[in-house]
């Protein structure tokens, strides 16, 4: 009688800002993986920026090389920031027969129904982000029209050289 191989999953957590903590996500992911009897490894993105998520990039490489049978995330929004990113990456995983599970959204993409649900939720997630962006832009436009100065106040730190996109830029207190 041969022993059945346990499935190996990557658990991916991500927070949006430095003052947030991924503990709640991690706890839910670990509980689920243990309940399902999976072997797992945790990948935590704690200092991601708008354009870079090095932990996720490393995880994607592992998934492309089939080092894991699947990936489990707490919520779709923790995996991707746009519908196009979500669809491209998840389609790539599905094509490689890598399972993708989102706990909070109750999505398991190993079935046709799960894939349909995924596309619907992904569209609503992007819609929600677009609505928030529109509201923010309207608020900024209103503040500009009222003559308010936007951004943080200039201060002592603005006279120092700052590294920005590979170049140093000098920000000095200038009277407008």
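Any read-out appearing in this document is the output of simple, stated calculations on the displayed coordinates, not a laboratory observation. Owing to the predicted nature of the structure, the values given are computational and were not obtained by experimental measurement. So basically every Cβ, Gly included, is an ideal-geometry build from the backbone, and we count neighbours across all protein chains shown.
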Normalised by the empirical 2.2 N^0.38 Å for globular proteins, what value does the Cα Rg of segment 24-95 take? 1.11
Treat segment 8-129 as a sphere of radius equal to its Kirkwood radius over Cα pairs and apply Stokes-Einstein at 20 °C in a medium of 1.002 mPa s; give the translational diffusion coefficient in µm²/s, rounded to a whole number. 149
So what is the relative contact order for segment 8-129, in percent, with contacts set as C-alpha pairs under 8 Å and at least six apart? 25
When a footprinting reagent is the concern and you count Cβ atoms within 10 Å, what order do 69, 95, 130 take, fewest first? 95, 130, 69
Which ordering of 53, 64 is given by a fewest-first count of other beta-carbon atoms within 10 Å? 64, 53
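Please give the length that would be gained between residue 82 and residue 27 if that part of the chain were fully extended, namely 0.36 nm times their separation in residues minus their C-alpha to C-alpha distance (nm, one decimal). Intermediate values should be presented prior to the final figure.
Details: separation 55, 0.36 × 55 = 19.80 nm, distance 2.54 nm.
Computed gain between residue 82 and residue 27 is 17.3 nm.
Provide 104, 5, 96, 56 in ascending order of the number of other Cβ atoms located within 10 Å of each residue's Cβ, fewest first. Please list the in-between numbers first.
Working: 104 14, 5 8, 96 11, 56 19.
So the residues, fewest neighbours to most, are 5, 96, 104, 56.
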Residue 120 and residue 134 label points (each 7 Å along its Cα→Cβ direction) are spaced in nm at 2.2
Once the piece of chain linking residue 141 and residue 36 is laid out straight, how much longer is it, given 0.36 nm per residue of separation minus the C-alpha distance between them? 32.8 nm
